[in-house]
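The values are calculated or read from the model by the stated rules, or taken from the named source; none is laboratory data. On a predicted model such as this, the values are computed, not experimentally measured, just so you know. Neighbour counts are summed over all protein chains in view; Cβ atoms, including those assigned to glycine, are modelled from backbone coordinates with ideal geometry. With ligands, DNA and RNA removed, areas are computed over all heavy atoms of the protein, side chains included. Shrake-Rupley method; radii C 1.70, N 1.55, O 1.52, S 1.80 Å.
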Amino acid sequence: MYTKKIFGAKDMLVWTRFELYQFFAIAIIEVLLFELSMRTLQIPFTPVALVGTAVAFVIGFQSNSAYGRIWEARQIWGAIVNSSRTFGMMVQDFINNDHNAQQPISEAELKSIVKTITYRHIAWLTALRYAMRQAKPWEYVMQEKTNKEWSNMIYVPEFHIPFEEAVQPYLSESDLNYIKNKSNKQTAILYLQSHHLKALKEQKLIWEFSFLELENVLEELFTHQGKSERIKNFPYPRQFASILHHFTWIFIFAIPIALASQFQELGLKLAEKFPGVECWFAWVSIPFSMIIMWIFHTMNRIGRVGENPFEGSANDVPISAIARGIEIDLRENLGESTDEIPKAFEVKNHVQM
């Protein structure tokens, strides 16, 4: 997630510089054709304005939809934070010898069980964030040249650390073998949690009511996971994206000719006071055309960047940072020292992922 207070004009211009080159070329060529045709090649401005209005409505719909997806994703991961803290607290307080355990165990063994379950939960967070970063066929934003440049300027842990290496410290060898061939590893980890809790209940290390409460939290985690997977696996409707793409470029190609004729009429009026201005005034439309084309196309691009909030762009929901923050909280409350607990992920170029 971009953390700068202001995404400066310079950054925006650098991000859209290739489009600006295209807009300049289109404006120059169309105004030149307008002049070569002795100003007979004209498009009435009214239909072009109507097309611009339609494009503005669709851009507004896209922006609202994209922001809705980002905000929903942030709410889901905020709920994961709350459920994770609740789960960590319950695991520490509910696992004990207070309920006529068949074979009471030592305090050290109880702490070992609590640590195993807590670490398995961290493994679930790790598996979920890696699943959210997997590329989908419809995620095309990061294939654009300037977005690739931004991707090289930020640090996305899932793109640099293999999943096996990231999850290995949190799972036993048997757990690793269990999830190895599972396509949905985060679901498999929650199954392991439930099986383990059930075994503890049968040993009377967990009271039956406490077991049900812990299972309810696992159900919450399944719900959060499903919601997150729904956003990841269901793209922004492509028919709206395609329509907007075509409408935007129709408008972009129409606007220079339409403005050139408008500026030519304005030049004729100004010629009454400034003779000769009508010969070149149509060329003044070029910077105005570029500004209008840039505004519409950039708003389109901003909406596209927000369509997939887990893709790995600078505008993503910072799921890596959220997951690491949960891990730090849980391990601090296990009593681990600062040296044992990993640091927060690197914030590179003011972007937290």
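Return yes or no: is Ile243 assigned to a helix (DSSP H, G or I), touching a residue at least 40 places away in the same chain (Cβ under 8 Å) and open to solvent by 70 Å² or more (accessible area, probe 1.4 Å)? Even if it seems obvious, please write down each step before you answer.
On the way: assigned to a helix (DSSP H, G or I): yes; touching a residue at least 40 places away in the same chain (Cβ under 8 Å): yes; open to solvent by 70 Å² or more (accessible area, probe 1.4 Å): yes.
Considered against the rule, which asks whether it is assigned to a helix (DSSP H, G or I), touching a residue at least 40 places away in the same chain (Cβ under 8 Å) and open to solvent by 70 Å² or more (accessible area, probe 1.4 Å), Ile243 comes out as yes.
Select from the stretch 111-136 the residues that are in a helix (DSSP H, G or I), open to solvent by 10 Å² or more (accessible area, probe 1.4 Å) and of a type outside the set (Lys, Arg) and list them in ascending order. Correct list: Ser112, Ile113, Val114, Thr116, Tyr119, Tyr130, Ala131.
Could you list, in sequence order, the residues of the stretch 322-342 that are among the aliphatic types (A, V, I, L, M) and either without any contact (Cβ under 8 Å) to a residue 60 or more places away in the chain or open to solvent by less than 10 Å² (accessible area, probe 1.4 Å) (or both)?
Restricting attention to the stretch 322-342, the residues satisfying the condition of being among the aliphatic types (A, V, I, L, M) are 322-323, 326, 328, 330, 334, 341.
Across the stretch 322-342, the qualifying residues are Ala323, Ile326, Ile328, Ile341.
Determine which member of the set Glu213, Glu202, Glu220 is open to solvent by 10 Å² or more (accessible area, probe 1.4 Å), out of contact with any Leu (no Cβ under 7 Å at 6 or more places or on another chain) and closer than 17 Å to Ile76 by Cα.
That would be Glu220, the only listed residue that is open to solvent by 10 Å² or more (accessible area, probe 1.4 Å), out of contact with any Leu (no Cβ under 7 Å at 6 or more places or on another chain) and closer than 17 Å to Ile76 by Cα.
For the stretch 136-155, what are the residues that are farther than 22 Å from Glu346 by Cβ and of a type in the set (A, V, I, L, M)? Break it down into steps so the answer makes sense when it comes.
First, pick out the residues of the stretch 136-155 that are farther than 22 Å from Glu346 by Cβ: 136-141, 143-146.
Selection gives Val141 alone.
The residues listed here are Asp93, Asp98; of these, the one that is among the charged types (D, E, K, R), modelled with pLDDT of 85 or more and farther than 30 Å from Ser313 by Cβ is Asp93. Out of all the residues in the stretch 62-74, is one or more farther than 30 Å from Ala323 by Cα, assigned to a helix (DSSP H, G or I) and open to solvent by less than 80 Å² (accessible area, probe 1.4 Å)? No, because not a single residue in the stretch 62-74 is farther than 30 Å from Ala323 by Cα, assigned to a helix (DSSP H, G or I) and open to solvent by less than 80 Å² (accessible area, probe 1.4 Å).
Quick check, is Arg304 open to solvent by 10 Å² or more (accessible area, probe 1.4 Å), more than 18 Å from Asn82 (Cβ to Cβ), among the charged types (D, E, K, R) and part of a helix (DSSP H, G or I)? Yes.
In the stretch 1-14, is there at least one residue being assigned to a loop (DSSP other than H, G, I, E, B), farther than 18 Å from Phe253 by Cα, touching a Pro at 6+ places or on another chain (Cβ under 7 Å) and modelled with pLDDT under 80? Among the residues of the stretch 1-14, at least one is assigned to a loop (DSSP other than H, G, I, E, B), farther than 18 Å from Phe253 by Cα, touching a Pro at 6+ places or on another chain (Cβ under 7 Å) and modelled with pLDDT under 80, which makes the answer yes. Does Lys227 satisfy the condition of being among the basic types (Lys, Arg), in contact (Cβ under 8 Å) with a residue 24 or more places away in the chain, open to solvent by 10 Å² or more (accessible area, probe 1.4 Å) and closer than 30 Å to Ala188 by Cβ? When the stated conditions are applied, Lys227 passes them. Taking the criterion of being farther than 17 Å from Gln352 by Cα and aromatic (Phe, Trp, Tyr), the residues of the stretch 135-169 that qualify are Trp138, Tyr140, Phe163. Taken over the stretch 30-40, the residue count meeting the criterion of being open to solvent by 40 Å² or more (accessible area, probe 1.4 Å), in contact (Cβ under 8 Å) with a residue 24 or more places away in the chain and of a type in the set (A, V, I, L, M, F, W, C) is 1. Considering only residues of the stretch 269-284 that are at pLDDT 70 or above and part of a helix (DSSP H, G or I), which is surrounded by the fewest Cβ atoms within 10 Å (Cβ to Cβ)? The residue in question is Lys269.
Does Glu139 satisfy the condition of being of a type in the set (Asp, Glu) and in a loop (DSSP other than H, G, I, E, B)?
On the way: of a type in the set (Asp, Glu): yes; in a loop (DSSP other than H, G, I, E, B): yes.
Judged against the criteria, Glu139 is a match.
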